[in-house]
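**Q** Okay, here's the structure, questions in a sec.
Nothing in this text is a laboratory measurement; each read-out follows from the coordinates by a stated rule. It should be emphasised that the depicted structure is a prediction, and the values quoted were computed from it without experimental measurement. Please note: Cβ atoms are built from the backbone with ideal geometry, for glycine as well, and neighbour counts cover all protein chains shown.
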Amino acid sequence: MLDILVMLAIWWAPVLVIIGVLALLGKIEVSAPWLVASIAFYAIYVAAVFSRFHIPGFEAAFGETQYNWSGKLLAIATSAVMIIVTVRSSEKLTFADAGLTFRQREGSVGPALIAIALMIAFIIGLQMLANDGATLDTETLLYQATIPGIDEELMFRGLLLLGLSMAVTGRTWNLWGAPVGWAAILVTIIFALGHSIIVSDGQIQTIWIAMIYTAILGWALMWIRLRTGSILLPIIAHNATNFVGQFF
């Protein structure tokens with residue numbers, strides 16, 4: 001539990017500093033209740049992922065499982081419940097505000113598919129440079145093709161983006177058709193830090209290469225989310241990138 005609290009503090013500290021500086025400079029307005037809610041969303045999500053929860057008999061199907069299926073499925077369910085409660089408790093919010101819509105913004109699918117192709121090409125290039133061989137066991141392929149995209153897009157480009165968009169309001173930029181605000185930048189920072197800074201038994205480990213490539217891929221996923229207005233293609237892009245990367 002202490003390790004998780006330390007990780008949360010490390011992941012959020014730079015984000016809170018950036019928010020504080022921008023607020024002092026008058027670049028943004030901050031809603032304290034929504035900021036606290038956003039931190040709580042992520043803390044609950046992380047607690048679910050790292051819980052000792054196990055679906056009876058589920059992971060036994062793979063023998064000695066390599067992945068945290070139960071924790072991730074619990075996190076998916078937890079994120080879904082938090083989105084429902086958040087949207088239902090506000091007259092102004094809709095599920096589309098969290099990206100939960102099949103509708104894609106007009107003219108967005110083509111550019112999004114190009115972005116997905118570039119993401120896949122990027123991960124293939126990284127894997128070929130790493131030259132660490134393919135990972136083609138059934139569990140790995142099944143997991144990478146399904147869980148990461150649903151789990152992480154629902155939280156990062158779904159609920160957390162919604163929460164921070166309400167917490168931090170300010171200038172929005174049009175980036176190749178995608179409306180990018182400060183919340184999108186902050187979520188991408190959290191996404192990169194969460195994939196690269198690990199605390200275990202009080203020891204802090206920073207994987208710099210992971211921070212760089214998850215920041216790049218996280219930003220690509222964020223652009224697709226904002227360009228299309230939905231987490232549907234980000235889910236597909238995320239899982240496709242993870243899945244294809246196992247073959248190189």
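**Q** Which residue, Gly57, Gly158, Gly170, has the most motion in a Gaussian network model of the chain that connects Cα atoms within less than 10 Å?
**A** Highest fluctuation of the listed residues: Gly57.
**Q** Would you please name the trypsin sites (Lys or Arg not before Pro) within the stretch 170-248 that are DSSP coil residues with at most 16 other C-beta atoms within 10 Å of their C-beta?
**A** Taking the stretch 170-248 and a limit of 16 other Cβ atoms within 10 Å, the loop trypsin sites (Lys or Arg not before Pro) found are Arg171.
**Q** Once a ≥ b ≥ c are taken as the square roots of the eigenvalues of the Cα gyration tensor of the stretch 110-229, is the result rounded (a/c under 1.5), prolate (a/b larger than b/c) or oblate (a/b not larger than b/c)?
**A** Note, shape of the stretch 110-229 comes out oblate.
**Q** Using only the Cα atoms of the stretch 29-115, build the gyration tensor, take square roots of its eigenvalues as a ≥ b ≥ c, and label the shape rounded, prolate or oblate: rounded if a/c is under 1.5, else prolate if a/b is larger than b/c, else oblate.
**A** oblate
**Q** To continue, here is another question. Would you order His238, His195 from fewest to most other beta-carbon atoms within 10 Å of each residue's own beta-carbon?
**A** Fewest-to-most Cβ neighbours within 10 Å comes out as His195, His238.
**Q** Select one label from [x] 27, 22, 19; [y] 28, 18, 17; [z] 24, 21, 17: the one whose number is semi-axes √(5λ) of the Cα gyration tensor in Å as derived from the coordinates shown.
**A** The value computed from this structure is option [x].
**Q** What nm value, rounded to one decimal, do you get for the distance between Met1 and Ala117 when each label is placed 7 Å out toward the C-beta?
**A** It works out to 5.2 nm between the two label points.
**Q** Loop only by DSSP, 15 or fewer other Cβ within 10 Å of the Cβ. Give me the GluC sites (Glu not before Pro) in the stretch 1-104 that pass, ordered by residue number.
**A** For GluC sites (Glu not before Pro) across the stretch 1-104 that sit outside H, G, I, E and B with at most 15 neighbouring Cβ atoms in 10 Å, the list reads Glu64, Glu91.
**Q** Please list, by residue number, every one of the trypsin sites (Lys or Arg not before Pro) in the stretch 12-78 that is coil in DSSP and has at most 11 other beta-carbon atoms within 10 Å.
**A** Arg52
**Q** I've got another one for you. Can you find, among Phe102, Thr172, Ser200, the residue sitting farthest towards the positive end of the charge dipole of the stretch 90-248, where Lys and Arg contribute +1 and Asp and Glu -1 at Cβ?
**A** About the Cα centre, the residue reaching furthest to the positive side is Thr172.
**Q** Please rank Ile84, Ile231, fewest neighbouring Cβ atoms within 10 Å first, as an exposure proxy.
**A** Placing the least packed residue first, the sequence is Ile84, Ile231.
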